[in-house]
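S.K.: Here it is, the structure, as structure tokens.
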Amino acid sequence: MSNYQRNTNLVICIFAVLVIGAISVGLISYYGSSTWNWNPATIDFSFEADVGATNETVTLDIDIATGGVNIVFVDNESLLYQIDIEVLNTTLETDGNPAVTFVSNTIRLDYTTAGVNITLGSGVNYTINVDVTTGGIAAVLGAGAHVGDVTLGTTTGGVSLIMTDDTVLLGNATFGLSATTGGISTLVDLPTDVGGSIECAVGTGDIDITAPGWTMITANHYETSDYDTASQTLTIVVQVTTGDIDAIVT
């Protein structure tokens, strides 16, 4: 079995575990802790747009008060975005329908309580900014993903980020992952010739970094040997106030 196949299998196995941990927090917040006593009547909304004449970097900007956000990429050059949103009927009664806009090269969703699945295509470059107050965020960057800076943050909940070496990075990218109370899990397989750095910090909790072949700068900071000399770099910063961090970088 090739290294690529082993890495891909590892990503798939770990992704299954990480997404369950990250998104379950959002689902509990979204549906409530006693779902068997509650009627989860929901309405589904779907928004989709093609790339068309768009040829500049597109920003994905998502702001959800309570719920879960899941982001994936597909190898489809014509797709700009497909966003599927599940909203409780009770939320619709108080807050109205969700709306996705695309203005000035920014895809924007700002809503209160929802479960959101986002699919992005391979025809343009993206920067990503997702904020969930209470809930979970999961993102998978792989074949078809062309990304620059990525920011994923939650106040209470979990964050999961997976990146395979199929990802096309833009310039010197920075991934910022944060949680005030909760946990963060990340697995990153650097593309060829990209230098990498990961630095993690917690107020109260544990940090577990697995970085084979990387140089330990401090107990919570690792870099590849070519980070200072590579023509392109990825800097990963992970911060949790109360909770745990699990990171694997290769």
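The values are calculated or read from the model by the stated rules, or taken from the named source; none is laboratory data. On a predicted model such as this, the values are computed, not experimentally measured, just so you know. No Cβ is skipped: glycine too gets one built from the backbone with ideal geometry, and neighbour counts run over all protein chains shown. Surface accessibility is based on the protein's heavy atoms, side chains included, excluding ligands, DNA and RNA. Shrake-Rupley method; radii C 1.70, N 1.55, O 1.52, S 1.80 Å.
S.K.: Look through the stretch 53-66, keep the residues that are open to solvent by 40 Å² or more (accessible area, probe 1.4 Å) and polar (S, T, N, Q), and return whichever of them is farthest from the chain's Cα centre (by Cα).
M.R.: N55
S.K.: Then there is this: From the set of residues in the stretch 67-82 that are part of a strand (DSSP E or B) and either touching a Gly at 6+ places or on another chain (Cβ under 7 Å) or under 20 Å from N55 (Cα atoms) (or both), which is most open to solvent (accessible area, probe 1.4 Å)?
M.R.: Q82
S.K.: Okay, next question. Which ones in the stretch 206-215 are under 24 Å from A179 (Cβ atoms) and either open to solvent by 40 Å² or more (accessible area, probe 1.4 Å) or of a type in the set (V, I, T) (or both)?
M.R.: Answer for the stretch 206-215, where residues must be under 24 Å from A179 (Cβ atoms) and either open to solvent by 40 Å² or more (accessible area, probe 1.4 Å) or of a type in the set (V, I, T) (or both): D206, I207, D208, I209, T210.
S.K.: Could you list, in sequence order, all residues of the stretch 237-250 that are open to solvent by less than 60 Å² (accessible area, probe 1.4 Å) and either over 13 Å from T192 (Cα atoms) or out of contact with any strand residue (DSSP E or B) (no Cβ under 9 Å at 6 or more places or on another chain) (or both)?
M.R.: Of everything in the stretch 237-250, those that are open to solvent by less than 60 Å² (accessible area, probe 1.4 Å) and either over 13 Å from T192 (Cα atoms) or out of contact with any strand residue (DSSP E or B) (no Cβ under 9 Å at 6 or more places or on another chain) (or both) turn out to be V237, V238, V240, G243, I245, A247, I248, V249.
S.K.: Okay, moving on. Under the condition of being touching a helix residue (DSSP H, G or I) at 6+ places or on another chain (Cβ under 6 Å) and open to solvent by less than 10 Å² (accessible area, probe 1.4 Å), which residue from the stretch 160-186 is farthest from Y227 (Cα to Cα)?
M.R.: My answer is S160.
S.K.: Let me ask you something else. Looking only at strands (runs of 3 or more DSSP E) that lie completely in the stretch 133-243, which have at least 3 residues being of a type outside the set (V, I, T)?
M.R.: 146-163, 173-188, 194-204, 221-223
S.K.: Something else about it: Scan the stretch 135-143 and give yes if some residue there is over 12 Å from the mean Cα position of the chain (by Cα), of a type in the set (A, V, I, L, M, F, W, C) and under 23 Å from L187 (Cβ atoms), otherwise no.
M.R.: yes
S.K.: Here's something else I'd like to know. Filter the stretch 102-129 down to residues that are open to solvent by 60 Å² or more (accessible area, probe 1.4 Å) and of a type in the set (S, T, N, Q) and give me whichever is nearest to the chain's Cα centre (by Cα).
M.R.: N129
S.K.: Filter the stretch 225-236 down to the residues that are touching a Leu at 6+ places or on another chain (Cβ under 7 Å) and surrounded by fewer than 22 Cβ atoms within 10 Å (Cβ to Cβ) and list them by number.
M.R.: If the condition is that a residue be touching a Leu at 6+ places or on another chain (Cβ under 7 Å) and surrounded by fewer than 22 Cβ atoms within 10 Å (Cβ to Cβ), then Q232 is the only one that fits.
S.K.: Does D50 fit the bill of being modelled with pLDDT of 95 or more, farther than 28 Å from D189 by Cα, open to solvent by 40 Å² or more (accessible area, probe 1.4 Å) and among the charged types (D, E, K, R)?
M.R.: In short, yes.
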